[in-house]
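Structure first, then comments.
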Amino acid sequence: MKKIIVATDYSPEANNAAHYAAAIAAEQGHQLILFNVTSISIHALNARVSGDAIDQMLFIHRENLEKEAATLAATYKVKVVTHFATGYFYEELVRCIDQHQADVVVMGMASKTFEQDLLGNTTTAAIHKLQFPILAIPLQARYKGIKKVLFACDIEKGVQEQVLEKIRSLALAFGATIEIFHVETELEELAAESQAGNAALDQALAGVAYTYKNVQSPQIIKAIQKEIQAMQADLLIMVPYKYGFWSSIVHRSKTRMMASGNDIPLLSLPM
């Protein structure tokens, strides 16, 4: 049984992600861990609220999480446990992952805005801060099965075997087909690379129906979005890459941009 952590702050995006994850858990026989971090307001601390009052606030937050878990469990007939914490979100999420030996974290994704595209949000920050699989669910996404998966990758940077193995396991579990999609500005270079890479892909994705598609375009994000529509993909998979401090200031992460501007879930698989 795999374990899925769902991070919730009770926002519409988080609630939708929880239902999406619960539907997957019901279909695949997985367990959900409903995760919430609550911070004590600085105003309450400055006002010197009593310890009993703070304990009461935390009790209410914990009770709300238990109620949400019970609703998901009853609706989808799945096992749901809760993980309530106070403190810094990312540190507590890592503790939750380690404690439950989870396989993936599911988070909601708000609608695209200019500020979000430029600066990111909690979900896109988690993709780049945590070396862990994260499934970002857009608000409009509803679970209807995962049968077509688009894996948008940068062949030039290489794809590790462990990433391909995770994709293979996912495809076999859901009965999905995979399209490996690469966008390049130099078509001549791409042709030579694709011939060298196909044999390795055949071996890594043994037993999975997959295709390998190369396109030439100066606009990588638009090319990926166009391909999502063309193949009617149910899921997009990308690998986030790390950049140095100075380059990260001017580099707009393709993974982050796709997470914040996409209509289908994005699964981020770190190297």
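The values are calculated or read from the model by the stated rules, or taken from the named source; none is laboratory data. Quick caveat, the model's predicted, so the values are computed rather than measured. Backbone-built Cβ (ideal geometry, glycine too); neighbour counts: all protein chains shown.
From the list Leu135, Leu205, Leu164, the one residue that fits, being modelled with pLDDT of 85 or more and within 23 Å of Ala23 (Cα to Cα), is Leu135. Contact annotation: residue pairs with Cβ atoms under 7 Å, 6 or more positions apart or on different chains, pairing a residue in the stretch 60-83 that is assigned by TED's automatic domain parsing to the domain that holds Ala18 with a partner that is among the charged types (D, E, K, R) and assigned to a helix (DSSP H, G or I), are Thr82/Glu66. Looking at Thr71, Thr82, just one residue is out of contact with any strand residue (DSSP E or B) (no Cβ under 7 Å at 6 or more places or on another chain) and of a type outside the set (Lys, Arg), and that residue is Thr71. In the stretch 99-116, the residue that is surrounded by the most Cβ atoms within 10 Å (Cβ to Cβ) out of those that are modelled with pLDDT under 85, part of a helix (DSSP H, G or I) and of a type outside the set (A, V, I, L, M, F, W, C) is Gln116. If you go through the stretch 88-98 and pick out every residue that is modelled with pLDDT under 95 and surrounded by fewer than 17 Cβ atoms within 10 Å (Cβ to Cβ), you end up with 3. It is to be established whether one or more residues within the stretch 179-201 are modelled with pLDDT of 95 or more, part of a strand (DSSP E or B), surrounded by 12 or more Cβ atoms within 10 Å (Cβ to Cβ) and among the β-branched types (Val, Ile, Thr). Scanning the stretch 179-201 turns up no residue that is modelled with pLDDT of 95 or more, part of a strand (DSSP E or B), surrounded by 12 or more Cβ atoms within 10 Å (Cβ to Cβ) and among the β-branched types (Val, Ile, Thr).
Counting only residues that are assigned to a helix (DSSP H, G or I) and buried (at least 17 other Cβ atoms within 10 Å of the Cβ), which one in the stretch 128-165 is farthest from the chain's Cα centre (by Cα)? Step by step, filter the stretch 128-165, then rank; the result is Ile155. Looking across the stretch 229-259, the residues that are out of contact with any helix residue (DSSP H, G or I) (no Cβ under 9 Å at 6 or more places or on another chain) and modelled with pLDDT of 85 or more come down to Gln229, Ala230, Met231, Gln232.
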